[in-house]
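The values are calculated or read from the model by the stated rules, or taken from the named source; none is laboratory data. Just so it is clear, the structure is predicted and the values come from calculations on it, not from any experiment. Please note: Cβ atoms are built from the backbone with ideal geometry, for glycine as well, and neighbour counts cover all protein chains shown.
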Amino acid sequence: MNFDFSDDQKQLRDQARRFLAEKCTSKAVRQVLEGKDTYDRSLWKGLAELGFLGVAIPEEFGGSGAGHLELCVIAEELGRVVAPVPFASSIYLAAEAIMLAGTDAQKRKYLPGLASGEKIGTLALFEGKGKLSPAAIKAQVANGAVSGTKTPVPDGEIADFAIVVARSGNSGRESDIALYIVDLTGKGVERRSLQSIDPTHNQAEIKFNGAPAELLGRADEGWSNLTRVLDRAAVLVAFEQVGGAERALEMGRDYALDRMAFGRPIGSFQAVKHILADMYVSATLARSNAYYAAWALSTNSSELAEAAAAARISATQAFQHCSKQNIQVHGGMGFTWEFDCHLYYRRSNALALGLGSMSYWEDQLIDRMRTRNTEAA
C-alpha cells in the first residue's frame with residue numbers, strides 16, 4: 001500500500017501547527033496542569049472557530065464534512081502540543097458514536113453542538129479495574145433509566161452528556177449491551193473528579209441513579225457498535241500518540257545537540273545516539289501503522305479492525321517509549337518540574353489506558369487476524 005496525505009491535508013496540518021504553536025504553549029498547558037481550570041477554554045473556542053471540531057461531521061449536521069483523514073492530521077498536531085482540551089472524548093468518541101449509530105433526529109440534536117464546541121460529550125464505558133468485555137458491564141437500564149457507576153470517565157466532570165454503555169438484560173450475552181445518551185446535567189447523575197497522572201485530561205467517577213437514558217442505535221447491537229467506535233477512536237488517538245512521540249524525540253535530539261559534556265555535545269556520545277535511534281525507530285513504526293489505519297478508516301476497508309488494533313499497539317508503545325527516553329536524554333534535568341518532559345510522559349500514560357489496556361488490543365489484533373485467516377481458508 002502506497003499512502004500519503006494530499007497537499008490540501010498537509011496545508012491543513014501546517015495551519016493547525018501554526019495555530020497551536022501560538023495558542024497552546026507550554027505555559028497554557030501548565031495552567032491546566034496546575035489546576036487553574038479544567039481545560040483550556042480559549043483553545044477550545046479557537047479550535048471550534050477554525051472548524052477543527054467538526055471536520056469529520058457532515059455539513060448537514062453542523063460540520064464541514066471534510067473527512068477522517070483531515071481529522072487524523074489535526075489529531076497529530078494536538079498530540080504534539082499535549083493540548084489540554086476534551087477533543088478525544090467529545091469528537092473521537094461521542095461524535096463518532098452518534099454518527100455511527102444515531103438516528104437522523106439524534107444527529108441533528110447532538111452533532112451541531114459538538115461541532116461548534118458549545119457541547120462536550122464523552123463515553124462512559126469503564127467500571128473500575130478489570131478487562132474490557134461484555135461481562136464487565138454492570139450498569140443497568142430499566143424503564144428508560146440507567147443506574148450504576150462508571151469510572152474513570154474521560155472529561156466526565158466537564159461533559160454535558162455521555163454515551164453510556166449499559167446492560168438491558170441479564171443473559172450475559174453481548175446482545176444485552178446497549179448504548180444510551182444521558183444528560184449529565186440532569187437528575188440522577190452524581191459526578192466526582194478523580195486524580196490522575198495527567199491532570200490536563202480530566203477524569204471523573206459518575207454515579208447514575210435512575211438517570212433518564214435515550215437509546216442510541218438498536219438495543220441488541222450495542223457491543224458491536226461500541227467496538228466500531230473504539231476502532232475509529234483508536235486510529236485517531238494513534239495519531240495523537242504519534243505526534244507526541246515525535247515531539248518527544250525532537251526534544252531529546254535538540255537537547256542532545258545543545259548540552260555539552262567534556263567539551264562535546266552529548267549527542268556525539270554513542271550511548272545517547274543509540275537512545276535517539278531507538279526512539280526514531282519506534283516513532284517511525286508507529287507512524288507507518290497509523291497511516292495504514294488512516295487509509296482503512298477513510299475507505300471503510302474491511303481491514304479497519306486489524307489496522308486499528310495494530311496502530312493502537314504500536315503508537316501506545318512508541319509514545320510511552322519516546323516520552324520515557326526523552327527524560328533519560330535530559331538526564332537529571334529531565335525529572336524537574338521546569339522542563340516539559342513530564343508533560344509528555346504524563347500524557348503518554350494517560351492515553352495508554354483511555355481506550356482499554358494493551359492486553360485488550362493485543363487480544364483484539366490476534367482474534368481479528370485469526371478470523372480473517374480462517375475466512376480466507
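If I go through segment 140-174 residue by residue, how many of them are buried (at least 21 other Cβ atoms within 10 Å of the Cβ) and closer than 19 Å to GLY210 by Cβ? Of the residues in that region, 12 qualify.
In the set (1) touching a residue at least 12 places away in the same chain (Cβ under 8 Å); (2) closer than 22 Å to ALA318 by Cβ, ASP363 fails one condition alone, (1).
With respect to the conditions (1) part of a loop (DSSP other than H, G, I, E, B); (2) closer than 16 Å to ALA88 by Cβ; (3) in contact with a Ser or Thr (Cβ under 9 Å, 6 or more places away or on another chain), GLY169 lacks only one, and its number is (2).
Residues that are closer than 20 Å to LEU230 by Cβ and among the charged types (D, E, K, R) within segment 155-189 comprise ASP155, ARG167, ARG173, GLU174, ASP176, listed in sequence order.
Of the strands (runs of 3 or more DSSP E) lying entirely inside segment 70-158, those containing at least 1 residues that are closer than 19 Å to VAL55 by Cβ and modelled with pLDDT of 95 or more span 121-124. If you filter segment 95-139 down to residues that are of a type in the set (Ser, Thr, Tyr) and within 19 Å of LEU71 (Cβ to Cβ), you find that the one that is surrounded by the most Cβ atoms within 10 Å (Cβ to Cβ) is THR122. Restricting SER302, SER314, SER323, SER298 to residues that are in contact with a Phe, Trp or Tyr (Cβ under 6 Å, 6 or more places away or on another chain) and either among the basic types (Lys, Arg) or not assigned by TED's automatic domain parsing to the domain that holds ALA83 (or both) narrows the list to SER323. Inspect segment 232-239 for any residue being crowded, with 24+ Cβ neighbours inside 10 Å and over 14 Å from the mean Cα position of the chain (by Cα) and give the result as yes or no. No, the conditions are met nowhere in segment 232-239. Consider segment 213-231 and keep the residues that are under 19 Å from MET358 (Cβ atoms) and not hydrophobic (A, V, I, L, M, F, W, C). The one that is farthest from the chain's Cα centre (by Cα) is THR227. Filtered by the rule that a residue be of a type outside the set (A, V, I, L, M, F, W, C) and crowded, with 23+ Cβ neighbours inside 10 Å, segment 175-184 gives a lone residue, TYR180. Among the candidates LEU351, LEU304, LEU297, the residue that is in contact with a His (Cβ under 6 Å, 6 or more places away or on another chain) and surrounded by 20 or more Cβ atoms within 10 Å (Cβ to Cβ) is uniquely LEU297.
What's the total number of residues in segment 45-69 that are outside any loop (DSSP other than H, G, I, E, B) and farther than 18 Å from GLY121 by Cβ?
5
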